[in-house]
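*Asks:* The structure that follows is given in the form of structure tokens.
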Amino acid sequence: MKGDKVKVLLVDDHKLIRDGIASMLHNTGDIEVIGSISSGEEAINETRQNRPDVILMDILMGGMTGIEATRWIKENEPTIKVVIVTSEISKEYVSAGIKSGVDGYLPKDVDRETLLTAIRTVHGGGRFFNDAIMKLVFEDFYTHEKLKSPVKKMPNELTKREFEILGLVAEGKTNKEVAETLFISVKTVETHKTNILEKLGLRNTAELVKYAIKNHIISVDNL
């Protein structure tokens, strides 16, 4: 029902951290902490029994890691949202978290408003990654782009975002996959695609793929 509170489960092997987060969420009209536990195994059991709406999950805990627990939860209860809240923000952990299906990823030093926004965003069906995490997510992407063959200057100037979308679409990704890769909405992807086709004088996706290959934006190996 519309008036129901968002049920949140806290998972961290440090009680002090769990108590701190619980305190931040206290007296929030639309959010309720329904559990506070210390391991990935307990998170799975609690998920089965009480079905939280959102889980705030640490990564490094005794026994099963938060990444492993997230993978299990997402495979068995895909509607439950998981936000990683951790001090571990290396590329490896962020990448592993995204591959496991997390809906958000935050460092432990975020402020209360950011935490609340993250919970509400993922509960509403979106994803939430703060600026520090987003920087890590795209660092590898841009490094990979720089290692590719030099790209010819395009006859019609595209924005950086349009160029990213052009490459992803040309590689065969659906609008939904592009949206998930770039953390934007499907509608935004569609708008960008329309602008790209117009700027390049193309009629459809097939022509866009041919254009991308001809201009060395992608190679046939990417297809």
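The values are calculated or read from the model by the stated rules, or taken from the named source; none is laboratory data. For clarity, every value in this text was computed on a predicted model and none was experimentally measured. Note that each Cβ is placed from the backbone with ideal geometry, even for glycine, and that neighbours are counted across all protein chains shown.
*Asks:* Filter region 173-223 for residues that are crowded, with 16+ Cβ neighbours inside 10 Å, basic (Lys, Arg) and in a helix (DSSP H, G or I) and give the result.
*Replies:* Across region 173-223, the qualifying residues are LYS193, LYS199.
*Asks:* Here's a follow-up. Just wondering, is there one or more residues in region 176-183 that are among the aliphatic types (A, V, I, L, M) and either in contact with a Gly (Cβ under 7 Å, 6 or more places away or on another chain) or at pLDDT below 85 (or both)?
*Replies:* Checked against the condition, which is being among the aliphatic types (A, V, I, L, M) and either in contact with a Gly (Cβ under 7 Å, 6 or more places away or on another chain) or at pLDDT below 85 (or both), region 176-183 yields at least one hit.
*Asks:* Within region 116-139, does at least one residue satisfy the condition of being at pLDDT 90 or above, closer than 14 Å to LEU10 by Cα and of a type in the set (Val, Ile, Thr)?
*Replies:* For region 116-139, residues at pLDDT 90 or above, closer than 14 Å to LEU10 by Cα and of a type in the set (Val, Ile, Thr): present.
*Asks:* Tell me which strands (runs of 3 or more DSSP E) are completely within region 25-142 and hold 3 or more residues being over 21 Å from VAL178 (Cα atoms), or say none if there are none.
*Replies:* 31-37, 54-57, 81-86
*Asks:* Moving on. Mind counting the residues in region 43-66 that are more than 20 Å from ILE119 (Cβ to Cβ) and either surrounded by 19 or more Cβ atoms within 10 Å (Cβ to Cβ) or hydrophobic (A, V, I, L, M, F, W, C) (or both)?
*Replies:* The number of residues fulfilling the criteria is 5.
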